[in-house]
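The values are calculated or read from the model by the stated rules, or taken from the named source; none is laboratory data. Given the structure is predicted, the values throughout are model-derived calculations rather than measurements. Quick reminder, even Gly has a Cβ in these numbers, built from the backbone with ideal geometry, and neighbours come from all protein chains shown.
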Amino acid sequence: MKKILLVDDEMTSTRLLRLGLERTGLFEVREQNQSRRVLETVREVQPDLVVMDVCMPGMDGGDVARVLRSQPEFRNLPIIFLTSMVSDDDAGGQLLKSGGFVFLPKPVNLTQLLIEIDRQLAVTAVASNA
């Protein structure tokens, strides 16, 4: 079972996503609602993938990603960003990518998130076997 860490300062958002992801029976899901505690949570949980909001107080998603990338053991940890800065209409049904990261609009479509999680985990598996 793959481990997913959800990071968002909005507890309702992480709770709803956790329920949706757990309902698939494919994932063990943990939540972290304080961006400053993500590194310690990642060390504790050892997730296979992180789904993280961009805009959070204290440290935004970009700051958290930089901290994670600075740690050798988490340099290749897949991160999917969620953002309310772009709507589905703005994205035109396309994935938004920047700096090697994928950005999905909030509120996130669970089917779209599941597709992207599968894609990210498949890429990580291929890279691990290379």
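Below are the figures for this structure:
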{"read-out": "Filter pass, V64 being of a type in the set (A, V, I, L, M), in a strand (DSSP E or B) and under 14 Å from the mean Cα position of the chain (by Cα)", "value": "no"}
{"read-out": "Subset of segment 10-57 that is in a loop (DSSP other than H, G, I, E, B), without any contact (Cβ under 8 Å) to a residue 40 or more places away in the chain and over 20 Å from N109 (Cβ atoms) - its residue that is nearest to the chain's Cα centre (by Cα)", "value": "N33"}
{"read-out": "Filter result (of a type in the set (D, E, K, R) and within 12 Å of V42 (Cβ to Cβ)) within segment 62-74", "value": "R69, E73"}
{"read-out": "Matching residues in segment 35-64 - criterion: being over 12 Å from L5 (Cβ atoms), in contact with a strand residue (DSSP E or B) (Cβ under 9 Å, 6 or more places away or on another chain) and surrounded by fewer than 19 Cβ atoms within 10 Å (Cβ to Cβ)", "value": "C55, D60, G62"}
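Conditions tested, residue by residue: (1) over 20 Å from L121 (Cβ atoms); (2) at pLDDT below 95; (3) touching a helix residue (DSSP H, G or I) at 6+ places or on another chain (Cβ under 7 Å).
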site: L49; (1), (2), (3): no, no, yes
site: V54; (1), (2), (3): yes, yes, yes
site: G62; (1), (2), (3): yes, yes, no
site: P72; (1), (2), (3): yes, no, no
site: G93; (1), (2), (3): yes, yes, no
site: P107; (1), (2), (3): yes, yes, no
